[in-house]
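Quick notes on the structure that follows.
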Amino acid sequence: MTLKDARKGEKYIIEKSLLKQPAKQRLEAMGLIEGTKVRKINQALDGSVIFMVRGTRLAVGKELAEFIIVHEDNSINTNHSKKRGKEDGIKQ
Amino acid sequence: MASNNKNNAIHSVMYNKKYEAEELNIGFVGNPNSGKTTLFNAYTGARLKVANWPGVTVEKKEGAFKYHNHIYKLVDLPGIYSLTSYSIEEKVSRQYILSDDVDVIVDVADASNLERNLYLTLQLIEMGKPVVLALNMMDIVEERGMEIDLHRLPEMLGIPVIPVCARKKTGLNILMHAVSHHREVEPKSDYVVVYSNLIEDKIKKITARLLKKYPNLHNPRFYAIKLLEKDSEITSTCTVDVSDIVDKSYETEIINRKYDFIEEIIEEVLVNKQEKTEMTDRVDRILTHKILGIPIFLGVMGLVFFLTFTLGDGIKGILEGWLESFSAWAEEGLVAMNTGPIIISLIIDGIIGGVGTILTFLPNIAFLFLCLAFLEDSGYMARVTYVMNGIMNKIGLSGRAFIPMLLGFGCTVPAIMATRTLENDRDRRKVILITPFMSCSAKIPIYVLLSSLFFGKFASLAALSMYVIGMAAGLLTAFVSTKIENKADKSPAVNQLLIELPEYKTPNAYSILVYVWENVKEYLSKAGTTIFLASVVLWFILRFGTIGYVEDMSLSFGAAIGRVLAPVLKPAGLGFWQIGLSLIAGLAAKEVVVSSMGILFGIVNIESASGLGAMLQTLGNMGFGALNAYSMMIFVLFYTPCVAALAVIAKELKSAKWTALVFLFQLVFAWVASVLVYQIGGLLI
C-alpha cells in the first residue's frame, strides 16, 4: 500500500519509493530509504500526510505520499535496536 | 594549482596554511530547528532573528568576537539537511565550506534529535575540513531522561563533540576552545564512513585519477564520492573523465550506507531513547485536524489582528498624550527663543507632525510582531503549510509558499527573501507577486487612521477586512496566473509539500523579545531616517510654491504635483491633490501616507481627539466621506510596495522586466480595485 492509504497511528516500513528525481533524492537525503520505519500520524482532506521518521515529524503532499510504498511493521519491539527491513527478507 | 583553475569547482582546501594574527574563520552549519542561530547569537550578540521553520536563515550572517588572543569570525549558514545541490541554500553552504574562506566548521546538532542531525555531520566530515560537533539542546535530552555517551560518539565520528546549550549559554567557551585546537589537527587517514567494496574500489580509482590532474587536491575522496553520486554541479565542472568508472549513479547506495552507520551510532551512544512526543501529538490532533485545521488557523490570524488593533490602541492613547505635551512644550520653547515662524512650522508641523504621528503607532506594530514571533517560536507556523496545502495546491502553489505570505503581514522585505526556500522559479515569481498583498505592518497606521475617522465602532472590522480582502486577492492572483501558465505549458510543475514539523515548545521569552526588538528598532530607525526625510521634503514642497513661502498649501509645489494625479484617481473617489500627493509620498514608506496627511491638514497629532475632529471636518468639507476612505484603504492595500520592498523584489527576480511588470501590475490592480469599490459602493449607498 502507499503511505497515503496507510492507517493513521500505525507503524510501517518503507518498501520502496516510486518517486522520480529530484523528489526521490530529496526524501532519501531525509532518511526515507528502503527499510526505514515510519509512523503515520495524520492525514488531511487533500491527501497530505504527517508521519514520523527517524525522530522527525514530516509533512508531505499527496503527490509524494502516493508514491511511497510501505508495508505494516509487525515487530513488537519498537525501539531502534531492530535491524532494518532487509533482514526480514523484504526486497522490492 | 588552485590558481590555475580558478573557475573550477574543484580546488584544493589548504587549511593547514600559516595563520597570521590568530584570526579564525568559523562556519556554523546545521539542520533547520537545531538552534544554530540561537548559538550564533550567544557568541556574537548580533541579535539575529530566531525562527522556527526550515530555511529561515536565507542570508549569510556574520559576526565576530575576541576570546583569548584569537579573533573569531563567525558565519551563520542557512539551515540545511544535506549538502547536495538541489536548493540555493545547499549550494551556497557547500561552496562556502569548500572555499578557503573557512578554517573550521561548527556543526550544530539538536542532541534530542541526533538521528536526523547526524546525516549532515557525516557529509561534513567527508568534505575534509576540520569539523567540531556542537551538541545543542542538551537540557532537553536530560529532561526526557535520555543519555548520550559522550566518549563513544567522538570515537565513532573521529571529531571533537562538545555539549552546549545555546538557550542557557552553557558550554560556549569549551566549544571555541575545541575549535581553536581542532583547526590544527591533521585529517585522519582512515575514513569515518566506509562503503561497500565495489564503491570503495571505484573511489580509489577516481581518487587516483583526480590526484594525477590535481596533485595538491586536499579532499579527493569527497569529489570522488560526489562524482559517484552523479552530483550535477561537481560532475559538470569536473575536467577529469571518469565515465568508465561511474557507470551509474551510486547515490542511493551511498545514502543507505550513511544511514546504516547512523543507526549503528545511535544504537551505541543513545541510552533510554524514547519518542517523547505525546504532547505534540495531542496538540496536533486538534491544530492539524482535517476539518478544524483551517477554521482554527483563520481564527488565530483573526485574533492576532483584532488584538493588534484593539490592545495596541489602548497604549497608543498614552503615547499620544506625551506627543501632544511634547509638541506644545517644543512650540513654547521655540517661540521663547524668538525662532522665525517658518522654522517653527518646519519643526512642529513637518518633523514632529510627520515623525511623531508615526511613533504613536509603535504599540500596534510591537504587538503584531509579538504575535508573529509567538506563532513562529511555538512551532505552529510550520503546521500552517500543512493545513493550507490543499487550498494552495488548488491555486498552483505548495503549502510551503504560505510562510512568505504570513511573514508578509509583518514586513514585505524579509517575506520576499523567504521565497528562496521555494524550489522552482515560477513559484517564487508568483509568491513574490502576491506577497505585497498581505498587508504589512507599515499599512497599519493608515488603516487605523482612516477607519477610526470614518467607521466609528466598526473601525476594527474595517481594518480587519483589509487582511481578508488582501489574502483573497493574493490567492486569486496566484490562481489566475497558474491557469495562464498551464495554458502555455502543457506539463505544469507539480508542487510537492515537504516540510519538517518541529515539536511544539513553550516559546522562549528571550528569542521573542529579540525578534520584537529587532522589528521595533527597524521601525524606529525608519521613523528617524526615511520618514524624517520624507516629512521634511513634504513640508518643504507644501510650504513653498512659485511665489515662495505660502500660507495656503493649495498654492504649493506639492499641490501642483498632487493635481497631476488627481484626475486619474477621480473614478476611485480619490481625486484630491492632497490624497494624490500622500500616495506618491507613500512609496518612500507606507507610514508616510499618514505623516503627510498630518502635515497637509496642519494637525500635529492627527490621532488625538481634537486632531481627529479637525481632520474629519476638513475632509468632510472636501467631499471626502466614508466610501472615499474605504476606497483609499483598498488602494493602499494593493498599490506598489515601498522602495525598500521594490529593491528586494528586483534583487530576487534578477530581471528588470519582471520587476517592472510586478510594479505595474500592483499599481493597476490597486486602481481597478478601488474604482470598483467606489463605483459599486456609490450605487449601493
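The values are calculated or read from the model by the stated rules, or taken from the named source; none is laboratory data. Since we're looking at a predicted model, the values are computed, not measured. Please note: Cβ atoms are built from the backbone with ideal geometry, for glycine as well, and neighbour counts cover all protein chains shown. Ligands, DNA and RNA are stripped out before the accessible areas are found, and what is left, the full protein with its side chains, is counted by its heavy atoms. Shrake-Rupley method; radii C 1.70, N 1.55, O 1.52, S 1.80 Å.
Simple rule: put +1 on each Lys or Arg Cβ and -1 on each Asp or Glu Cβ in chain B, find the dipole, and look at B:162, B:195, B:597; the Cα lying farthest toward the positive end is B:597. Each of residue B:487 and residue B:339 was given a label point 7 Å from its Cα along the Cα-to-Cβ line. The distance between the two points is 6.0 nm. Residues of the stretch B:395-428 that bury at least 30 Å² of accessible area once all protein chains are present, compared with their chain alone (1.4 Å probe, heavy atoms only, ligands and nucleic acids left out), are B:423.
Please report the antiparallel percentage of the DSSP beta bridges confined to chain B, to the nearest 5. Mind dumping the intermediate values first?
Numbers: 13 of 33 bridges.
Once the DSSP bridges in chain B are tallied, antiparallel ones form about 40 percent.
Starting with the highest mean, order B:557-567, B:335-345, B:586-596 by the number of other Cβ atoms within 10 Å, averaged over the residues of each peptide.
So the order, starting with the most tightly packed, is B:586-596, B:557-567, B:335-345.
In this simple spin-label approximation, residue B:271 and residue B:303 carry label points 7 Å from Cα along the Cα→Cβ vector, and these lie 4.2 nm apart.
The residues of the stretch B:197-271 present an accessible area of 44 Å² per residue when probed at 1.4 Å with all protein chains retained. Both chains summed, the buried accessible area for A and B stands near 3700 Å², from protein heavy atoms and a 1.4 Å probe.
Using a probe of 1.4 angstrom, how much of the accessible area of the protein assembly as shown is carbon and sulfur, in percent? Walk me through the numbers before you get to the answer.
Numbers: 19650 of 32070 Å².
For the protein assembly as shown, the apolar C and S fraction of the accessible surface comes to 61 percent.
Per-residue ellipticity at 222 nm computed for the protein assembly as shown from its helices equals -16000 deg cm²/dmol, with DSSP H segments shorter than 4 residues left out and the rest contributing -39,500 (n - 2.57).
Over chain B, calculate the relative contact order: mean separation of alpha carbon pairs under 8 Å at least 6 apart, over the residue count, as a percent.
Values: 1038 pairs, mean separation 85.0, N = 685.
Here the relative contact order equals 12 percent.
Assign one of three labels to the stretch A:11-75, namely rounded, prolate or oblate, based on the Cα gyration tensor with a ≥ b ≥ c the square roots of its eigenvalues; rounded applies when a/c is under 1.5, prolate when it is not and a/b is larger than b/c, and oblate otherwise. In terms of gyration-tensor shape, rounded. Counting only protein heavy atoms and a 1.4 Å probe, the stretch B:505-565 has 53 square angstrom of accessible area per residue. Annotation: extensible slack from residue B:331 through residue B:283 equals 11.6 nm (criterion: 0.36 nm per residue apart, minus Cα-Cα distance). Within the assembled protein chains, the solvent-accessible surface assigned to residue B:177 is about 90 Å², based on a 1.4 Å probe. Here the spin labels are modelled as points 7 Å beyond Cα on the Cα-Cβ line, and at residue B:200 and residue A:2 they lie 4.0 nm apart. Solvent-accessible surface of the stretch A:11-75, averaged per residue with a 1.4 angstrom probe and all protein chains in place: 31 square angstrom.
All C-alpha pair distances within chain B, sorted into 20 Å bins from zero, spread as 16, 43, 30, 11, 1 percent across the bins.
Label zone (residue B:191, point 7 Å along Cα-to-C-beta; backbone nitrogen cut-off 13 Å) within the stretch B:204-221: B:204-208, B:219-221.
A loss of 50 Å² or more of accessible area (1.4 Å probe, protein heavy atoms, ligands and nucleic acids excluded) relative to the isolated chain is seen in these residues of the stretch B:280-306: B:281, B:290.
How much length is gained if the chain between residue B:208 and residue B:540 is pulled fully straight, taking 0.36 nm per residue apart and subtracting their Cα-Cα distance, in nm to one decimal? Intermediate values should be presented prior to the final figure.
On the way: separation 332, 0.36 × 332 = 119.52 nm, distance 7.33 nm.
Taking residue B:208 through residue B:540 to full extension adds about 112.2 nm, to one decimal.
Evaluate E = 1/(1 + (r/R0)^6) for residue B:644 and residue B:665, where r is the Cβ-Cβ distance and R0 equals 22 Å; express this FRET efficiency to the nearest 0.05. E between residue B:644 and residue B:665, to the nearest 0.05, is 0.70. Placing +1 on the Cβ of every Lys and Arg and -1 on the Cβ of every Asp and Glu, with nothing else charged, gives the protein assembly as shown a dipole about its Cα centre of roughly 1540 debye. Considering only Cα atoms, the convex hull volume of the protein assembly as shown works out to 193 Å³ per residue.
Fully extending the segment from residue B:252 to residue B:651 would add 140.0 nm, taking 0.36 nm per residue of separation and subtracting the current Cα-Cα distance. When the other protein chains are added to the chain by itself, burial of at least 10 square angstrom of heavy-atom accessible area (probe 1.4 Å, ligands and nucleic acids ignored) affects these residues of the stretch B:497-520: B:497, B:498, B:499, B:500, B:501, B:503. Here the stretch B:237-365 is assigned +1 on the Cβ of each Lys and Arg and -1 on the Cβ of each Asp and Glu. Its dipole about the Cα centre then comes out at about 620 debye.
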